[in-house]
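Working notes, beginning with the structure itself.
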């Protein structure tokens, strides 16, 4: 008996975030304007692989190996190379602000060709340059791959991703990153998420901390700070910035419901609430079963045996459930009301979309 069931079972993940009244340090939601890292990139070769490197189809790998060997005084025709222990990779990293020459950074190594596994490989010395073309670091070392894979006779067992890995401390800085964040008397804070209310609260708390009006919110993301004379004259700028970063405020959070339809993930913000509404939920279950039936011919009739399928289709509609909500004040009430319906993630997504259309959802609905 062959049975095809048109049922989709989805595990719903509903994060019930608590209230957003907890205090947060300024350094956790804002950064100092001018303090930034630098992204760097380079092209290199990974050697020492166990037959899992690039094949001859990756011609750029063969060219790279040939060029590398020429540097060591070895000339090998490219057509004679049979490489499966070498892979061409892109090496990337980000240099943090205030990094100095001789510092150590982590690098990420990603396969460019058709290598299947970088496990056990060693990255050869690779220069890493910025957008300006200058070399900022050199990378080299053994690759750590957060996975494993075994292939034999056309069969393969793989765990996690094996064509990319990291080299902790594999990059050494060759030059410092110049960071200029201060003018003569002012500095600026920039919010990671622009919000006028949060910017205004930061300015008020900073002014209250130092007892004078030194902070001004320019817009929804930038707050200008005038450096007090006692910090500026004594060269205590770092101390001033540290005191500002440690000030705690209560950021204002917009009410949002974020839905990822690909994974069935639903994240409900703590400020989300519902107006009084009634929800009716029902589902249609369709079951199709196919049974093989063999038809035998009569004796000595010179007929043929015929196999046919007997298909049975049945449909059932579950009893609808109506839940009345008197208006949920918190996200916990929203989650409790949805759990009463005993529905999956896809159904919850449809319910949220219907609530938004009905004007009952007091939040922005974001679908990613």
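Within the stretch 97-105, is even one residue over 30 Å from residue 32 (Cα atoms) and touching a residue at least 12 places away in the same chain (Cβ under 8 Å)? Talk me through it step by step, then tell me what you get.
Filtering the stretch 97-105 down to residues over 30 Å from residue 32 (Cα atoms) leaves none.
No - not one qualifying residue is present in the stretch 97-105.
Scanning the stretch 21-66 for residues being in contact (Cβ under 8 Å) with a residue 60 or more places away in the chain and not in a loop (DSSP other than H, G, I, E, B) gives a total of 17. Selection of the stretch 70-97 for residues being outside any loop (DSSP other than H, G, I, E, B) and either outside the structural domain of residue 132 (by TED's automatic domain parsing) or modelled with pLDDT under 90 (or both) yields 70, 71, 78, 79, 80. Checked against (1) within 26 Å of residue 271 (Cβ to Cβ); (2) loosely packed, with under 15 Cβ neighbours inside 10 Å, residue 260 passes all but a single condition, namely (2). Count, please, the residues in the stretch 111-126 that happen to be in contact with a strand residue (DSSP E or B) (Cβ under 6 Å, 6 or more places away or on another chain) and either crowded, with 16+ Cβ neighbours inside 10 Å or under 16 Å from residue 50 (Cβ atoms) (or both). Total satisfying the criteria: 11.
Name every residue in the stretch 127-139 that is farther than 25 Å from residue 72 by Cα and either buried (at least 17 other Cβ atoms within 10 Å of the Cβ) or in contact with a helix residue (DSSP H, G or I) (Cβ under 7 Å, 6 or more places away or on another chain) (or both), in order of residue number. Outline the logic, then answer.
Going residue by residue through the stretch 127-139, those that are farther than 25 Å from residue 72 by Cα are 130-133.
Across the stretch 127-139, there are no qualifying residues.
Applying the criterion of at least 1 residues that are free of Cβ contacts under 8 Å to residues at least 60 places away in the same chain, in contact with a helix residue (DSSP H, G or I) (Cβ under 9 Å, 6 or more places away or on another chain) and not assigned by TED's automatic domain parsing to the domain that holds residue 85 to the strands (runs of 3 or more DSSP E) found wholly in the stretch 160-260 leaves 215-217, 222-226. On the phi < 0 side of the Ramachandran plot, assigned to a helix (DSSP H, G or I), in contact (Cβ under 8 Å) with a residue 40 or more places away in the chain and touching a strand residue (DSSP E or B) at 6+ places or on another chain (Cβ under 8 Å) - does that describe any residue in the stretch 264-278? No, there is no match, as no residue in the stretch 264-278 is on the phi < 0 side of the Ramachandran plot, assigned to a helix (DSSP H, G or I), in contact (Cβ under 8 Å) with a residue 40 or more places away in the chain and touching a strand residue (DSSP E or B) at 6+ places or on another chain (Cβ under 8 Å).
The values are calculated or read from the model by the stated rules, or taken from the named source; none is laboratory data. Please read all numbers here as calculations on a predicted model, not as lab measurements. So basically every Cβ, Gly included, is an ideal-geometry build from the backbone, and we count neighbours across all protein chains shown.
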